[in-house]
Amino acid sequence: TGKDVGRVGEPGDYDAVAISPDGTRVAASRIDGANKDLWLLDISRNTSTRFTSDPGADAAPVWAPDGSRIAFVSNRAGVNKIYLKPSNGTAPEEPVTALNRAADAPSDWSHDGRLLLFTRTGLAKTRADIWELSMSGSATPTPVIQTPFNEGRAQISPDNHWLAYDSDESGKTEVYVQPFGRDV
């Protein structure tokens, strides 16, 4: 009904929020002074916990389908790279993309957790493109959609058969849907 039923976490400058698969937590980037870190908000207990604390800007959290990990983007290496961290915070974050001339930002996981989709910018002859990274086996990213236009914010359908994304191919940003065709 659109009725306000309550608030979660402390007031602050939040953006890029993501609800956990089980609906009990929210990951959000929050600007705190001159720093931007990820925070985990526990909905039932109304508590906030700092999830990252690097001086770089951490943003765009994406939960793994089982809720065990969070992918996010950070500029701590001088360019936006994707990092993974266990959602329980028991281990440090690890970079999963390492191309120094490109900037990467996660957008979605396949529903079985085997693929991570992300937007990559900064490559010659292309602008922003959609890439995938296998979470098992080869850690070499491969392009999914690579054109002279901007594509991004890719999302995989629950049955893994469709890919929705935005593109400015027509001259304005619009949503496109195409078969995904991955046996994941």
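The values are calculated or read from the model by the stated rules, or taken from the named source; none is laboratory data. Note that this is a predicted model, so its numbers are computed, not measured. A quick note on method: Cβ atoms are made from the backbone with ideal geometry, for glycine too, and the neighbour counts reach across all protein chains shown. Areas reflect the complete protein model, heavy atoms only, side chains present, ligands, DNA and RNA absent. Shrake-Rupley method; radii C 1.70, N 1.55, O 1.52, S 1.80 Å.
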### Summary
Expected output for region 24-45 (first residue open to solvent by 60 Å² or more (accessible area, probe 1.4 Å), partner among the hydroxyl-bearing types (Ser, Thr, Tyr), Cβ below 6 Å, 6+ apart or cross-chain) is 43/24
### Query
Could you list, in sequence order, the residues of region 7-51 that are farther than 20 Å from residue 86 by Cβ, in contact with a Lys or Arg (Cβ under 7 Å, 6 or more places away or on another chain) and not in a strand (DSSP E or B)?
12
### Task
Could you please find all residues in region 70-88 being modelled with pLDDT of 90 or more, among the small types (Gly, Ala, Ser) and surrounded by fewer than 21 Cβ atoms within 10 Å (Cβ to Cβ)?
87
### Message
Considering only residues that are of a type in the set (A, V, I, L, M) and touching a Gly at 6+ places or on another chain (Cβ under 8 Å), which ones fall in region 16-34?
### Response
26, 28, 31
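So, of the residues in region 78-90 that are touching a strand residue (DSSP E or B) at 6+ places or on another chain (Cβ under 7 Å) and part of a loop (DSSP other than H, G, I, E, B), which turns out to be farthest from residue 120 (Cα to Cα)?
It comes out as 87.
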### Task
Kindly indicate whether residue 20 is touching a residue at least 60 places away in the same chain (Cβ under 8 Å) and of a type in the set (Ser, Thr, Tyr).
yes
### Summary
Filtering region 52-69 down to residues that are in a loop (DSSP other than H, G, I, E, B) and either open to solvent by less than 20 Å² (accessible area, probe 1.4 Å) or touching a Phe, Trp or Tyr at 6+ places or on another chain (Cβ under 7 Å) (or both) yields 52, 56, 64, 65, 67
### Task
Please indicate, with yes or no, whether at least one residue in region 102-109 is free of Cβ contacts under 8 Å to residues at least 24 places away in the same chain, more than 22 Å from residue 151 (Cβ to Cβ), in a loop (DSSP other than H, G, I, E, B) and touching a Ser or Thr at 6+ places or on another chain (Cβ under 7 Å).
no
